[in-house]
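See below for the structure under consideration.
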Amino acid sequence: MKAILFDLDGVLYTGENAIEGAADVINWCVDEAVPHLFLTNTTSRPRAALVDKLAGFSIVTNPDDFLTPALAATQWLSNNINGKIALFIPDATRDEFADFEQCEDNAEQGAQAVIVGDLGEAWNFKMLNRAFRLLMNNPDTKLIALGMTRYWRAQDGLRLDAAPFVKALEHASGREAIVLGKPSKEFYSSALDRLGCDASETIMIGDDIRGDIEASQRAGIRGLLVTTGKFQQTDLEQGIKPFDVIDSIADLPAWWASHS
Ligand SMILES: [Mg+2]
């Protein structure tokens, strides 16, 4: 094994609290010169803010260490879309799309792409319906999902992520979303490209049995599940077999040593 992909939420931290030992593990990774990349579906923060957030946990990174759905989406839009886009994403990440012409805030037609991220409590019926109308008013409008995470663990318990809302739009419009983020295989392929490593020499460490483990293993990467974050015992009863399971990221260096 040569390289590591890290999920963030639930692996390095939960909400605003660091997972014990996370900073030491990232330092270990840097000291040992292990190629690594942080792979997150977070759309509530741009990469620069992720750097700041990790710095708050004494984890030193730079924006190039992250692959986010927003980054993958801007790449995809540059190659595939000529026209206006409509964003249904948190304000914090709107700047990442500043190079693209955007529909007016209340527009119900005229978008070449409808882009959906995790809006959380900002979702309301009017907004979801506007995304639906944008799709229905032009059969060529693309539905872009910034990841298909089903849920995550917040301070007060599990919370819906982007996928349930994307599914609602797919169901109503009869259109299939283009997924730029986990669990898409292309997202993992582009992570491997950025690392310059083969799937067979890379592990993905995450707390999501589907988005992190099943999806990375579909791309030929070994999935290492941690039992922190959103992990629940029933995750292991769904027919998905992680390459291995460890209690927490703190156990990674020892695990790595015994598997190298
Ligand atoms: Mg996670």
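Go ahead and estimate [θ] at 222 nm for the chain from helices alone: -39,500 (n - 2.57) per DSSP H run with n ≥ 4, summed, over the residue count, rounded to 500. All intermediate terms of the calculation are to be shown ahead of the outcome.
Working: 8 runs with 77 residues, N = 260.
-8500 deg cm²/dmol, from helical runs alone.
Grab the beta carbon distance between PHE57 and ARG218, set R0 = 35 Å, and tell me the FRET efficiency rounded to 0.05. Don't skip to the answer; put the middle values down first.
On the way: r = 30 Å, r/R0 = 0.86.
The formula returns an efficiency of 0.70 here.
With all distinct Cα pairs included, what does the Kirkwood hydrodynamic radius of region 171-260 come out to in Å, to one decimal, could you say?
Values: mean 1/r = 0.0711 Å⁻¹.
Roughly 14.1 Å, rounded to one decimal.
Extending each Cα 7 Å along its Cβ direction at GLU237 and ASN129, get the distance between those two points in nm, one decimal.
Between GLU237 and ASN129, the simple spin-label model gives 4.0 nm.
If I stretch the segment between ASP64 and GLU186 completely, what's the gain in nm (0.36 nm per residue apart, minus their alpha carbon distance), one decimal?
On the way: separation 122, 0.36 × 122 = 43.92 nm, distance 1.85 nm.
Fully extending the segment from ASP64 to GLU186 adds 42.1 nm.
Tell me, in nm to one decimal, what length is gained between GLU16 and SER78 on full extension, where the rule is 0.36 nm per residue of separation less the Cα-Cα distance? Display every interim value, and only then the final one.
Numbers: separation 62, 0.36 × 62 = 22.32 nm, distance 3.41 nm.
Once the chain is fully extended between GLU16 and SER78, it gains 18.9 nm.
Determine the alpha carbon to alpha carbon distance for each of LYS182/LYS230; LYS126/LYS230; LYS185/LYS241; LYS167/LYS230 and list only those over 25 Å.
LYS126/LYS230
Across region 71-179, what fraction of all alpha-carbon pairs, as a whole percent, falls in each successive 10 Å bin from zero upward?
Result, from short to long distances: 14, 51, 30, 5, 0 percent.
List the residues whose amide H sits under 5 Å from the amide H of THR40, counting only those 5 or more places along or on another chain, with H placed 1.01 Å from N in the peptide plane.
Counting only residues 5 or more places away or on other chains, the set is LEU67.
Between 0 and 90 degrees, rounded to the nearest ten: what's the tilt of helix 163-173 against the longest Cα principal axis of the chain?
The helix 163-173 is inclined about 30 degrees to the chain.
Students often get this wrong: which residues of region 239-260 have the backbone nitrogen under 11 Å from the point 7 angstrom along Cα-to-C-beta of THR227?
Of the residues in region 239-260, 245-248 have backbone N under 11 Å from the label point off THR227.
Starting from the Kirkwood Rh over alpha-carbon pairs, what translational D in µm² s⁻¹ does the chain have by Stokes-Einstein at 20 °C and 1.002 mPa s? Show your work: numbers first, answer last.
Values: Rh = 18.8 Å.
It comes out at roughly 114 µm²/s.
Of the beta bridges DSSP finds with both residues in region 71-179, what % are antiparallel, to the nearest 5?
Here the antiparallel bridges make up roughly 25 percent for region 71-179.
Pulled fully out, how much extra length does the chain show between SER44 and LEU158, if you take 0.36 nm times their separation in residues and subtract their Cα-Cα distance?
On the way: separation 114, 0.36 × 114 = 41.04 nm, distance 1.65 nm.
Contour length minus the Cα-Cα distance gives 39.4 nm.
Read the figures in this text as sums done on the coordinates, not as results from a lab. Values in this document were obtained by computation on a predicted structure and should not be read as measured data. Here Cβ is always computed from backbone atoms with ideal geometry, including for glycine, and neighbour counts include all displayed protein chains.
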